[in-house]
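Coordinate-derived values only; no laboratory data. What you are looking at is a predicted structure, and each value in this text was computed from that prediction instead of being measured. Cβ coordinates were reconstructed from backbone atoms using ideal geometry, including for glycine residues, and neighbour counts include every protein chain displayed.
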Amino acid sequence: MSDRVIAGTIRSTSRVGLQSVDGIELTALRAECDVDRVFKGPPTEHVGFTWFSFAPPPNDSGGVVGSTPPISSFRSGTHYLVLLRKKRDQWVVSVPLYALEVKLASPPPSSGHDNLSEAPPHVRNQAIAEELETAALRLPEPQAGMTGYAPWYFAPVFDLIGGCADPFFRRFLSSRSAELRAAAQRWLALIADKKLACGNELTIDSN
């Protein structure tokens, strides 16, 4: 559903104002992003896009208490995988409000600009998976009794490269966290159960 998929570092964010999205009044924000990799869509070294947050409640409303999925929260200086779509003459996040951005590890200073927009889908998927794997492997060891944040990356890596993720999951089998080891074992069991072999099971092109 995305017209553009990039990896980039947020340079700045600013509030634009209130905007109605699917009949819901949200706060529209502008992000300026320095792009180091393009996985899908037109190549660029910089892109500005709109993202959304909840609109502040009226002063006399007392606010609203509820439980919702995480919402988007782009932070300046942070490196993300960003999924965008074209809306009229501007770029907006592919899913309004709810978090679709994924934190990545900081790119090396010499990484330069990498354009994979014309690469075959499996090459782009592999490159995105490698970014996610790097981010997961650089996370600190979780506290005892917790899985930490690494498993957040397990599902998208599997969706992108299937059985090729086997070595990635196996890296976590040596973790001191029993919970993290168990999470990796579950994904390895899924690969085994589905009899997935690297390179011949996925043809995803729906980033």
Exercise. What dipole magnitude, in Debye to the nearest 20, does the chain give about its Cα centre under +1 on Lys/Arg Cβ and -1 on Asp/Glu Cβ?
Worked result: 220
For this session: Evaluate the relative contact order of the chain (contact order divided by residue number), counting alpha-carbon pairs under 8 angstrom at least 6 apart; express in whole percent.
Result: 19
For this session: Enumerate cysteines in the chain without a disulfide-compatible partner, where compatibility requires another Cys Cβ under 4.7 angstrom.
Result: Cys33
Exercise. Say each of Glu130 and Met1 gets a label point 7 Å from the Cα, pointing the same way as Cα to Cβ; how far apart are those two points in nm?
Worked result: 2.9
Seminar exercise, completed: By Cβ neighbour count within 10 Å, fewest first, Glu45, Glu179 rank Glu45, Glu179
Exercise. Counting only complete DSSP H runs, which helices of the chain cover 20 Å or more along their long axis at the Cα atoms and score a mean Kyte-Doolittle of -1.0 or above?
Worked result: 121-137, 178-193
For this session: Report the equivalent ellipsoid semi-axes for the chain in whole Å, largest first, defined as the square roots of five times the eigenvalues of the gyration tensor built from alpha carbon atoms.
Result: 31, 23, 16
Exercise. Please identify the GluC sites (Glu not before Pro) of segment 98-158 that satisfy two criteria: DSSP loop assignment and at most 10 other Cβ atoms within 10 Å. Which are they?
Worked result: Glu118
For this session: Could you work out the longest stretch of the chain that avoids the trypsin sites (Lys or Arg not before Pro) located in DSSP loops with at most 14 other Cβ atoms within 10 Å?
Result: 1-74
Exercise. With each label point set 7 Å from Cα along the Cα-Cβ vector, what nm distance links Trp152 and Gln185?
Worked result: 2.5
Exercise. For the chain, what is the mean residue ellipticity at 222 nm derived from helices alone (per DSSP H run of n ≥ 4: -39500 (n - 2.57); sum divided by total residues; nearest 500 deg cm²/dmol)?
Worked result: -7000 deg cm²/dmol
Problem set entry | Cβ charges +1 (Lys, Arg) and -1 (Asp, Glu), total dipole of segment 119-193, debye | 160
Seminar exercise, completed: the chain, Gaussian network, Cα under 10 Å: of Leu29, Leu196, Leu160, the residue fluctuating most is Leu196
Exercise. Segment 4-103: percent of C-alpha pairs farther apart than 15 Å?
Worked result: 62
Exercise. Length gain on complete extension for the stretch Ala105 to Arg15, per 0.36 nm per residue less the alpha carbon to alpha carbon distance?
Worked result: 29.8 nm
Exercise. Where a Cα-Cα gap under 29 Å defines reach, which lysines qualify for Lys86, not counting those fewer than 8 residues away within the same chain?
Worked result: Lys40, Lys103
Problem set entry | Virtual spin-label span in nm between Val123 and Ile71, 7 Å along Cα→Cβ | 4.0
Problem set entry | Backbone N under 19 Å from the Arg85 label point (7 Å along Cα→Cβ), restricted to segment 13-31 | 19-31
Exercise. Build a GNM of the chain with springs between Cα atoms under 10 Å: which of Ile128, Ile24, Ile161 gets the top mean-square fluctuation?
Worked result: Ile24
Exercise. Using the alpha-carbon centroid of each, what span in Å lies between segment 15-37 and segment 117-167?
Worked result: 27
